[in-house]
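The next block holds one structure in the form of structure tokens; read it before the comments.
The values are calculated or read from the model by the stated rules, or taken from the named source; none is laboratory data. Predicted model only: the values in this text are computed from it and were never measured. Cβ sites come from the backbone with ideal geometry, for glycine too, and all protein chains shown count toward neighbours.
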């Protein structure tokens, strides 16, 4: 994560911080996520049965798509200089808009929405994260995510 002097964080509010590299969501990852979570719904893990649905094949779990956020956002979110660690503080909102078909490539576009010192040495960052799907007009999701940075 790029670090900037805390006083400069306000300069990034409202600005897109960038887009991640493309990442392919494959069936192996979907199957592993199903195993971890116990969510074995056929739409995710049974390509033959899923082919008979309007999706035409398997789709990633919504929460799998969401769980890719830390990996995809890692190099984009600016943090206050001296940040020793950042922790997930939750979400203000999340909407799943478009399913991610297995084999699709996705990336994250990140915009900083707010940044303030919640407590001394603790900065709360709010960002909009939009998961784009290559070749698809609508995003997979739009989330307002919160990160607590400890300096």
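Structure summary
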read-out: Output for the stretch 7-26, where each listed residue is surrounded by 16 or more Cβ atoms within 10 Å (Cβ to Cβ) and either free of Cβ contacts under 8 Å to residues at least 24 places away in the same chain or in a helix (DSSP H, G or I) (or both); value: 9, 12
read-out: Residue within the stretch 128-136 that is at pLDDT below 95 and part of a loop (DSSP other than H, G, I, E, B) present; value: no
read-out: All positions within the stretch 77-126 that are touching a helix residue (DSSP H, G or I) at 6+ places or on another chain (Cβ under 6 Å) and either surrounded by fewer than 14 Cβ atoms within 10 Å (Cβ to Cβ) or not in a strand (DSSP E or B) (or both); value: 78, 100, 102
read-out: The stretch 56-75, residues that are at pLDDT 95 or above and not in a helix (DSSP H, G or I); value: 56, 57, 58, 59, 60, 61, 68
read-out: Test: residue in the stretch 67-76 that is out of contact with any strand residue (DSSP E or B) (no Cβ under 7 Å at 6 or more places or on another chain) and free of Cβ contacts under 8 Å to residues at least 40 places away in the same chain; value: yes
